[in-house]
Amino acid sequence: MAQKILLTGGAGFIGSHTYVELAKAGYEVVILDNFSNAQRDVTDRLEVISGQDVTCVEGDVLNAPLLDKLFADHKFDAVIHFAALKAVGESTEKPLDYLTTNISGLYTLLGAMKKAEVFSLVFSSSATVYGQPDQLPVPETAPRSFNNPYGYTKLVCEQSLEQVAASDDRWAFGILRYFNPAGAHDTALIGEDPNDIPNNLMPYIAKVATGELEKLSVFGDDYDTPDGTGVRDYIHVMDLARGHVQSVDALLRTGNSHTVNLGTGTGYSVIDMLRAYEKAAGKDLPHQMAPRRAGDVASVYGDPDLAREVLGFQAERDLDDMCQSSWNWVSRRKNT
Ligand code: UD1
């Protein structure tokens, strides 16, 4: 019988792509999403891509009775927990919302899992837990810190999972530290679709390419990097999605927890990304140099070795693929 996974936040950007990979790997999946940052037609699109009916429950991870009912209705083998808030700037304006959704949301979920005796969970963490790393590529053993309430919630969640795992060896957690997700599914039916003006580079460039935004501001050209602009580790969302399947496979197979980077190990600058996107879209994209963004660091890219060792995970898709699939998605989305 197929193993069954609860996917919280499964209608969102990374969640929806992970749904596709889980379905392909033969898992049965139930999505829980409150649609606070996802389009309702995502589930129809997932049906087209996966060729199967999508089971989606609308609701919030803070709703304990709803979670209890979900765990009573389905016999889950594991949970992949995406549902959380993720905008750094917003987290400084509404810290309590971030603390509640991200930290209490995790605790509520763990409570329901414990009652239902489901002990395997994959958690969406972030390279934000490294702050400005001293060592590049950054290994998982690097010291952790935080610069804003969003980063604080990711750190507290990681530490909380470590405490819980230490208390009872039935628990197994896959803590995945994402670097910078980019790209979209090859069908161009799902992708990143922020409701507001994006804060992150890739969705911002995409909206400049479609003409929805006028020009990109490059935040700082005097960093200590090859071209002076910030360097990050961009990873194709389909690679990231596969990383979740490999993480849940490993948890269910071994019962052992792991904490790994999900990145490519290669850094690209803001200008590299802009040029690659121009190539994909077949046009020049307006941009201007602007002051550094507060809280930004010069360079962050991850050491991918541990993910390869522990999960057999390796990113396969390159920068051109990230930009081309993103462009296919946003240009199609705009015209439908
Ligand atoms: C940001 C967050 C990080 C979070 C991640 C979630 C900050 C300081 N960090 O990472 O905590 O986990 O998003 O996805 O917000 N850039 C521009 N112009 C833009 C937007 C970005 O030049 O309009 C530059 C930035 O200065 C940076 C690079 O592009 O050098 C990537 O920025 P971004 O996509 O926001 O990601 P991070 O800063 O790495």
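The values are calculated or read from the model by the stated rules, or taken from the named source; none is laboratory data. Keep in mind that what you see is a predicted model, and the values were worked out from it rather than measured. We place every Cβ from the backbone using ideal geometry, glycine too, and count neighbours over all the protein chains shown. The area values use the complete protein model at the heavy-atom level, side chains included, leaving out ligands, DNA and RNA. Shrake-Rupley method; radii C 1.70, N 1.55, O 1.52, S 1.80 Å.
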**OP:** Please work out the average accessible area per residue across the stretch 71-186, using the 1.4 Å probe convention, and give it in Å².
**Re:** 42 Å²
Original post:
Hey, if we sort Leu62, Leu46 by accessible area with the 1.4 Å probe, largest down, what's the order?
Top reply: Leu62, Leu46
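Using only the heavy atoms of the protein chains and a 1.4 Å probe, how would Cys323, Cys56 rank by accessible area, largest first? Spell out each step's value before the answer.
Numbers: Cys323 0, Cys56 45 Å².
Sorted descending by solvent-accessible area, the residues read Cys56, Cys323.
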Original post:
What angle, in degrees between 0 and 90 and rounded to the nearest 10, separates the Cα long axis of helix 149-167 from the longest principal axis of the Cα atoms of the chain?
Top reply: 30 degrees
**OP:** Pick out which of Ser16, Ser299, Ser326 has the largest mean-square fluctuation in a Gaussian network model of the chain, springs linking Cα atoms closer than 10 Å.
**Re:** Ser299
Subject >> Value of [θ]222 nm, deg cm²/dmol, for the chain, DSSP H segments ≥ 4, -39500 (n - 2.57) each, nearest 500 >> reply: -12000 deg cm²/dmol
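Rounded to the nearest 0.05, what FRET efficiency do Asp68 and Glu93 give with R0 = 41 Å and r taken as the Cβ-Cβ distance? Could you check? Mind dumping the intermediate values first?
Values: r = 33 Å, r/R0 = 0.80.
Efficiency for this residue pair is about 0.80.
For the stretch 41-127, what does the relative contact order come out to in percent, with C-alpha contacts under 8 Å and a separation of six or more? Walk me through the intermediate numbers first.
Numbers: 63 pairs, mean separation 33.3, N = 87.
Rounded, it is 38 percent for the stretch 41-127.
What percent do you get for the relative contact order of the chain when only Cα pairs under 8 Å and 6+ apart count?
19 percent
If you put +1 on each Lys and Arg Cβ and -1 on each Asp and Glu Cβ, how big is the dipole of the chain around its Cα centre, in Debye rounded to 20? Mind dumping the intermediate values first?
Values: 29 positive and 46 negative charges, 74 e Å.
Around 360 debye, computed over the chain.
Would you mind estimating how fast the stretch 251-293 diffuses translationally, via Stokes-Einstein at 10 °C and 1.306 mPa s with the Kirkwood radius over Cα pairs, in µm²/s? The partial results should precede the final answer.
Values: Rh = 14.3 Å.
Translational D for this selection: 111 µm²/s.
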Original post:
Computed FRET efficiency, Cβ-Cβ of Glu214 and Gln132, R0 30 Å: what is it to the nearest 0.05?
Top reply: 0.45
Original post:
Heavy-atom accessible area of Glu158 with all protein chains present, probe 1.4 Å, nearest 10 Å²?
Top reply: 0 Å²
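Below 8 Å between Cα atoms, with a sequence gap of 6+, how large is the relative contact order for the stretch 131-197 in percent? Present the calculation step by step, with values, prior to reporting the outcome.
On the way: 25 pairs, mean separation 9.4, N = 67.
Relative contact order, the stretch 131-197: 14 percent.
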Subject >> For the stretch 235-307: span of alpha carbons on each principal axis (Å, largest first) >> reply: 50, 31, 18
**OP:** With just the Cα atoms of the stretch 127-193, tell me how far they stretch along each of the three principal axes, in Å, largest first.
**Re:** 44, 34, 24
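What Kirkwood Rh does the stretch 10-126 have if only Cα atoms enter the pairwise 1/r average? Answer in Å.
Answer for the stretch 10-126: a Kirkwood hydrodynamic radius of 14.9 Å.
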Original post:
Can you pull the Kirkwood radius for the stretch 188-336, inverse mean 1/r over Cα pairs, to one decimal in Å?
Top reply: 16.7 Å
**OP:** Can you grab the distance from the C-alpha centre of the stretch 179-237 to the C-alpha centre of the stretch 13-86, Å, no decimals?
**Re:** 26 Å
**OP:** With a bin width of 10 angstrom, please list the P(r) values of the stretch 9-53 as percents of all Cα-Cα pairs, from the 0 bin to the one holding the largest distance.
**Re:** 30, 61, 9
Original post:
One-quarter of the Cα convex hull surface for the chain, in nm²?
Top reply: 15.8 nm²
**OP:** State, to one decimal in nm, how far the label point of Arg293 lies from the label point of Ser160, with both points 7 Å from Cα in the Cβ direction.
**Re:** 2.6 nm
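How big is D, in µm² s⁻¹, for the stretch 100-231 by Stokes-Einstein at 37 °C and 0.692 mPa s if Rh is the Kirkwood radius over C-alpha pairs? Don't skip to the end; give the middle numbers.
On the way: Rh = 17.8 Å.
Estimated diffusion coefficient is 185 µm²/s.
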Subject >> Extreme residue, positive dipole direction of the chain, given options Leu306, Ala172, Gly263 (C-beta unit charges) >> reply: Ala172
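Based on the mean of other Cβ atoms within 10 Å per residue, sort peptides 283-294, 235-246, 163-174 so the most packed one is first.
On the way: 283-294: 11.8, 235-246: 24.6, 163-174: 15.5.
The peptides rank, most packed first, as 235-246, 163-174, 283-294.
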Original post:
If you line up the long axis of helix 319-334 against the longest principal axis of the chain, both from Cα atoms, how many degrees apart are they, to the nearest 10?
Top reply: 80 degrees
Original post:
Once both axes come from the Cα atoms, what is the angle between helix 270-281 and the longest principal axis of the chain, in degrees from 0 to 90, rounded to 10?
Top reply: 90 degrees
Subject >> FRET efficiency, 1/(1 + (r/R0)^6) with R0 51 Å, evaluated for Asp53 and Asp227 via beta carbons >> reply: 0.60
Subject >> Where the Cα pairs of the stretch 163-205 fall when distances are cut into 5 Å bins, in % >> reply: 5, 16, 16, 15, 12, 8, 9, 14, 6, 0
Original post:
How much accessible surface area, in Å² rounded to 10, belongs to the heavy atoms of Val310 with a 1.4 Å probe?
Top reply: 60 Å²
Subject >> Beta bridges per DSSP with both ends in the chain, % antiparallel, nearest 5 >> reply: 5 percent
